[in-house]
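The values are calculated or read from the model by the stated rules, or taken from the named source; none is laboratory data. A quick note: this is a predicted structure, and the numbers were derived from the prediction, not measured. Heads up, the Cβs are rebuilt from the backbone with ideal geometry, glycines too, and the neighbour counts pull from every protein chain shown.
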Amino acid sequence: MRHKVAGRRLSRTSEHRLALRRNLAASLFEHETISTTMQKAKEAKGFAEKLITLAKDGTLSARRRAIALLGNRDIIEYEDNRPIKKGTIIGKLFSELGPRYLDRAGGYTRIIRLSLPRLGDNGQLVLLQLIGPDEHPKKESKTIAKRRSRRKGKERAQTEDTAPAEESAKAEQTAGSEESDENSKQ
C-alpha cells in the first residue's frame, strides 16, 4: 500500500518522470498552453507554479535554482525553414512570466478538460494553460460575500428608516415655501 506517498508514478521510472515534468513545464512556458492527459497535467501544474513563484523573486539565486530544476533550453522558431533562436525558457520565465504574476498569490495555471478523448487509448485530454495577466478569480470568498450582504441589509434598513423622515422634512419645507410664497404675493 502507498500510504502517504506523494506524486504519481505515471508508469515511468523516476528519471523518466523527472524528464517528463521538466519537458511539460518548459513547453508550457514556451507556448503558454499545452495539450496533455489529465494525470500528466496535474503532475506538471505544481512544478510549473513553483517555478513561476521563483521567477517572481527574480534574484540571481532564484534564477540558478530554476535552471537547476528545469534546465535552460532554447526557444527556437522556424522562419523560411531556417531555425532562429528567440531566447531561452529561463529568460522568458524571469523576464515575462514572473513580472506578469507579481500581484497574484498563486493559481497561475488552469486545467481545461477537452470533450474528445485521445484516439488509440481513450485517454482524457486536457489543456494546461497559463492564466492571462488580465484574468482574475471569478469566485468571491464566502466571508466577503456575507459581509457585503450584511452591509447591504444594514444600508437598506437605514435608508428605510431615514426615508420617511426625509419625506416628512421635504413636505414641511415645501409647505413652508408655499406659505411664504402666498404671504409674499399678498
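Looking only at the range 96-132, count every residue that is surrounded by 15 or more Cβ atoms within 10 Å (Cβ to Cβ) and of a type in the set (Val, Ile, Thr) and tell me the total. Within the range 96-132, residues that are surrounded by 15 or more Cβ atoms within 10 Å (Cβ to Cβ) and of a type in the set (Val, Ile, Thr) number 3. Are any of the residues in the range 91-112 in a strand (DSSP E or B) and in contact with a Pro (Cβ under 9 Å, 6 or more places away or on another chain)? For the range 91-112, residues in a strand (DSSP E or B) and in contact with a Pro (Cβ under 9 Å, 6 or more places away or on another chain): absent. Quick check on the range 18-28. Is at least one of its residues assigned to a strand (DSSP E or B) and either of a type outside the set (Phe, Trp, Tyr) or closer than 21 Å to Arg100 by Cβ (or both)? No, that holds for no residue. The set of residues in the range 19-42 that are touching a residue at least 12 places away in the same chain (Cβ under 8 Å) and hydrophobic (A, V, I, L, M, F, W, C) comprises Leu20, Leu24, Ala25, Ala26, Leu28, Phe29, Ile34, Met38, Ala41.
The set of residues in the range 68-90 being part of a helix (DSSP H, G or I) and either surrounded by 15 or more Cβ atoms within 10 Å (Cβ to Cβ) or touching a strand residue (DSSP E or B) at 6+ places or on another chain (Cβ under 6 Å) (or both) consists of Leu69, Leu70, Ile89, Ile90. One residue stands out among those in the range 40-77 that are of a type in the set (S, T, N, Q) and modelled with pLDDT of 95 or more: the one that is nearest to the chain's Cα centre (by Cα), which is Thr53.
Would you call Leu93 surrounded by 19 or more Cβ atoms within 10 Å (Cβ to Cβ) and either at pLDDT below 95 or over 28 Å from Gln124 (Cα atoms) (or both)? For Leu93, the condition - surrounded by 19 or more Cβ atoms within 10 Å (Cβ to Cβ) and either at pLDDT below 95 or over 28 Å from Gln124 (Cα atoms) (or both) - is met. Tallying residues that are within 14 Å of Leu127 (Cβ to Cβ) and not aliphatic (A, V, I, L, M) within the range 37-53 yields 4.
Take the conditions part of a helix (DSSP H, G or I), within 18 Å of the chain's Cα centre (by Cα) and in the same structural domain as Val126 (by TED's automatic domain parsing) and apply them to Ile34. Does it pass? So Ile34 fails the test.
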